[in-house]
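Reading through the structure tokens given below for one structure.
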Amino acid sequence: MKLISPVFRTDVLITKVRARSKPMKEKIRRPKVTKTITINRELLEWIEKKIEEREFASVSHCVEKAIFHLKREYEQKGENES
């Protein structure tokens, strides 16, 4: 893939991506923050297995998706007080 001219807005980064001889697509990326976490070795091994199986692109992708689902579950239960 070849990245072409990112377009910046205050809340998102829109990057136009050209995939082999296909029309250009737009990807919307939210600004990310770098953090360090400590994780159980068994969970990390499971995540790495899922990355090999192409379930997730990276450890960060897996953690972000897991937290997204947990957040949605809390919101549905009405337990989100913060």
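Values in this text are rule-based calculations from the coordinates and carry no lab data. Predicted, not measured: the structure shown is a model, and the values here were computed from it. Neighbour counts are summed over all protein chains in view; Cβ atoms, including those assigned to glycine, are modelled from backbone coordinates with ideal geometry.
Can you give the local net charge around F56? Use residues other than it whose beta-carbon is closer than 15 angstrom to its beta-carbon, Lys and Arg +1, Asp and Glu -1. If you can, show how the numbers build up before the last one.
On the way: positive: K49, K50, R54, K65; negative: E45, E48, E52, E53, E55, E64.
Here the count lands on -2.
With charges set only on the Cβ (+1 for Lys and Arg, -1 for Asp and Glu), what does the dipole of the range 34-82 come to about its Cα centre, in debye to the nearest 20?
Values: 9 positive and 11 negative charges, 21 e Å.
So the dipole magnitude of the range 34-82 works out to roughly 100 debye.
In which sequence would F68, F56 go, from the one with the fewest C-beta neighbours within 10 Å to the one with the most? Mind showing how you got there, number by number?
Working: F68 10, F56 19.
Ascending number of Cβ neighbours within 10 Å: F68, F56.
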